[in-house]
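Derivation of every value follows stated rules applied to the coordinates shown; laboratory data play no part. Bear in mind that the values here come from a model prediction, so they are computed numbers and not experimental data. Glycine gets a Cβ as well: all are built from the backbone with ideal geometry, and neighbour counts include every protein chain shown.
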Amino acid sequence: MKLKLLTVAFLSVSIFSACSADLTKDDNARLQPKKMESKFQQNVSINYLLYLPKNYNTGEKFPFMLFLHGAGERGNDLEMLKKHGPPRLIAEGKDFPFIIVSPQCPPGIRWKTNTLIALIDEIIKNYNVDEDRIYVTGLSMGGYGTWKLANEIPERLAAVIPICGWGDPWTICEIGDLPVWAFHGEKDNVVPVQRSKDLVDALKRCNANVNFTIYPDAEHDSWTKTYDNPQIYEWLLKQNKSNRKKLNGNWF
């Protein structure tokens, strides 16, 4: 009796093993490794303010700054962009040695990098842009957009200045040696300063080129003091993509 039970059990195991082997073989035959290569095209549209330096018509190429506003300036009224940052300073009469483009994010969404990249391409196509000196800066939601754009096209940018923004510390080292100067208010209760600290700490661990300024008494508005500081523009103008590439030999 015992022998018969053992024989049945042995046969059951054998049949199950054979079936499992057949199923595995069939599954492997159905799962074939493939690779897709294609082009993805999308129609995009965005409104923006354009500033050209006083001596723009000399024919020389100029550095290009992309300024990204915060969530409060989203909409369909470009006048709203003159509240903060370079557009405010220009409206007040300040001159800059940059071509400055200030797009307006549509209502209800955050910055989309595909649209911003298309805008950069459009400006390069139509104006005298020095492609070795393309800079991105932004505040709050624009700081987020700055970090995100740096993450996606670091090889095209010369430097970025994200202010009270946030991003993904897990992927931020993909920016390589792209120069970063980040700013944040210690008492920010809208976007906690830790959001910038996490990114800066991650960059320091991968020996990236990062500077970080914290204003001890500032709340969310850490951008007014930053954009009023002429040192940030002097720092930007010293950053040149080609010189960095020659020194390092590669981006990552």
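Odds and ends about this structure:
- Among Phe67, Phe40, Phe183, the largest mean-square fluctuation in a Gaussian network model of the chain (Cα springs under 10 Å) belongs to Phe40.
- Helices in the chain that qualify as membrane-span-like (whole DSSP H runs, Cα extent of at least 24 Å along the helix axis, mean Kyte-Doolittle hydropathy of 0.0 or higher) are 2-30.
- Part-to-part distance (alpha-carbon centres) for segment 147-191 and segment 32-68, which is given in Å: 19
- Charged-residue dipole, Cβ positions (Lys, Arg, Asp, Glu), segment 47-112 about Cα centre, Debye nearest 20: 180
- Estimated 222 nm signal from helices in the chain, with DSSP H stretches of n ≥ 4 weighted -39500 (n - 2.57), rounded to 500: -12000 deg cm²/dmol
- Residue pairs exceeding 23 angstrom between C-alpha atoms, taken from Lys82/Lys238; Lys148/Lys197; Lys94/Lys204; Lys94/Lys225: Lys82/Lys238; Lys94/Lys204.
- Sorting the Cα pairs of segment 126-252 by distance into bins of 5 Å, from 0 upward, gives 2, 12, 22, 24, 20, 12, 5, 2, 0 percent per bin.
- Mean Cβ neighbour count within 10 Å, used as a protection proxy, ranking 47-57, 226-236 highest first: 226-236, 47-57
- Measuring nothing but how far apart in sequence close Cα pairs (under 8 Å, 6+ apart) lie, relative to its length, the chain scores a relative contact order of 16 percent.
- Two-decimal Rg/Rh across the chain, once Rg and the Kirkwood Rh are taken from alpha-carbon atoms: 1.26
- Gaussian network model of the chain, springs between alpha carbon atoms under 10 Å - residue of Ala29, Ala150, Ala208 with greatest fluctuation: Ala29
- Set of aspartates and glutamates with alpha-carbon distance to Lys112 below 16 Å, sequence-local pairs under 8 removed: Glu73, Asp121, Glu122, Glu152, Asp168
- Most positive-pole-ward Cα, Ala208, Ile120, Pro154, against dipole of segment 47-238 from beta carbon charges: Ile120
- Placing unit charges on the Cβ atoms only, positive for Lys and Arg and negative for Asp and Glu, gives segment 47-238 a dipole magnitude near 120 debye about its Cα centre.
- For the chain, share of DSSP beta bridges that run antiparallel, in % to the nearest 5: 20
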